[in-house]
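Computed from the coordinates by the stated procedures, all read-outs in this text should not be read as laboratory data. The structure presented is a predicted model; accordingly, all values stated were derived computationally and were not measured. Glycine gets a Cβ as well: all are built from the backbone with ideal geometry, and neighbour counts include every protein chain shown.
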Amino acid sequence: MQDDNYGNIFDLPEEVLLHIINFISPISEDFINLKLTSRLFHRLTEDNTLYILRCLRLKPTSHVPGIVLQRVLTSSYMLNYVDFTDCDYVTDAFIGHLLSTCPTVMALYLAGCVRLSNESVRTITDMPFKVKELDLSRCPLITCTSMIQFAKRHGDTLRLLALGQCFGLRKDPYKFGHIAHYVPNLERIYLGWKPENHRLNPLLDMDLQRFLNSCQNLKYIDVSNSQISSYSMQVLANRCHEVRHLNVSRCYVQDNGIESLAKGLPRLTFLDISDCIYITDISLEHLSNGCPQLQHLNVSRCYDVTDSGLLSLQARCHKLRSLSLRHCFNVTDRGVERITTCCADLEFLDIADSVAITNETVERIVMCGNSTFGICVDRCPLITAPVRQRCDASPKQPRAEKCLTLFDILSPGETLV
């Protein structure tokens, strides 16, 4: 612990050491290891203020001693945010104990907690404080009946609802849309499923339209891999003008649906229409005319997209940051060069599996791009190994517009005292 340049850490006042330790989560391995470092740190880490949290995150591989977790729960009288994503060891009994000990929780992220059932939803429903964010994605035992009861109790304050890949919703699918009547202030809704299970998604046009008619403050919508069609896009454009993030990947959306979106969603910044096989250049022309704020666009496997659509897009969408054109076999050097030249903010271009893109074009794009520009040319038959290696060394795809949660708004770290 001695350093000739900086002195001895034990010379610091205990108040300073406590302030430093306060940045370490009490349920992390670092905290436990620090406790075993010396008698001083063992005594300091017993301070009860270090166990008072407002944000509690458990990792799937976490091995938190039960006595430590219990101390955190009993000490955190103002615990507001819980994230147990993919923690398959979380059970109904654990959620019941958590909420009885910490009834002030306002946001619960329980995606992938496969052991949770309607019993947990009923426990959440009975909480004295209103819930603002609830993520039960990939919880297969959750059904519509319990979610309707939850919405009746907490719907007026709910801002985020995620129920993607919940197979239990298929047991009473006709009740799914009834949830919409009780959540008028919803801002973010995630009902997307995995591509391999898209035929099992119970979400229909009439269900989404109920949400759109009731929740006019929606900003983020994910209904990927569902039976949603262009008709829902028309309703969306007429009712929810504040939408910024929309994912309709592998849905039955056509050019007329995109035309409606372009007319009604001028603030749209993220759009994923990959695997919408009926999309053509006409859609890109509509987006260029109506969505000048667009930053992230994915048209992968839209086989009818050509250079003509890219030329229309580059005319007005100058804020584009990422563009995915995977399996767009009709896109050639001309369209790719034009879009990279006119969109100065472009940070990432995905042209994987393109059969008409040549070495010369890729080399010019990489040479003219800035140091943060990335490009993916995987499985492009006309790209040689040296050029592909150079592209592989470029930056990877930037994260698309992030949907902020209360975790992000409250604190940048893992905990907040």
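Numerical summary
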| quantity | calculated |
| --- | --- |
| Normalised convex hull volume, region 133-271, alpha-carbon set, Å³ per residue | 86 Å³ |
| P(r) of region 1-156 over all Cα-Cα pairs, binned every 10 Å from zero, in whole percent | 10, 36, 27, 16, 9, 3, 0 |
| Beta bridges by DSSP in the chain, antiparallel share as percent, to the nearest 5 | 5 percent |
| Sparsely packed trypsin sites (Lys or Arg not before Pro) within region 340-391, loop by DSSP, other Cβ within 10 Å at most 16 | R379 |
| Student exercise, the chain dipole from Lys, Arg, Asp, Glu Cβ charges, in Debye to nearest 20 | 1040 debye |
| Exposed-site-free run, longest, the chain (rule: GluC sites (Glu not before Pro); DSSP loop; at most 15 other C-beta within 10 Å) | 47-241 |
| Cα coordinate range in region 241-287, projected on the principal axes (Å, largest first) | 26, 18, 13 |
| Taking the C-alpha atoms of region 65-214, convex hull volume expressed per residue in Å³ | 96 Å³ |
| Per principal axis, descending, Cα span of the chain in whole Å | 69, 64, 31 |
| Pairs of lysine residues in the chain - Cα separation under 19 Å, sequence separation of 8 or more or cross-chain | 11 |
| Distance histogram for region 147-199 (every C-alpha pair counted, 5 angstrom bins, percent rounded to whole numbers) | 4, 19, 28, 25, 15, 7, 2 |
| Percent RCO, i.e. relative contact order, over the chain, from Cα pairs under 8 Å lying at least 6 residues apart | 9 percent |
| Charge dipole magnitude, Cβ of K and R +1, D and E -1 - region 1-133, Cα centre, debye nearest 20 | 480 debye |
| Over region 194-233, relative contact order from alpha-carbon pairs under 8 Å, at least 6 apart, % | 61 percent |
| Pairs of alpha carbons in region 298-355 whose separation is greater than 16 Å (percent) | 33 percent |
| Average Cα contact separation per residue, region 288-402, under 8 Å, 6 or more apart, as relative contact order % | 23 percent |
| Cα centre as origin, Lys/Arg/Asp/Glu Cβ charges: region 175-279 dipole, Debye | 240 debye |
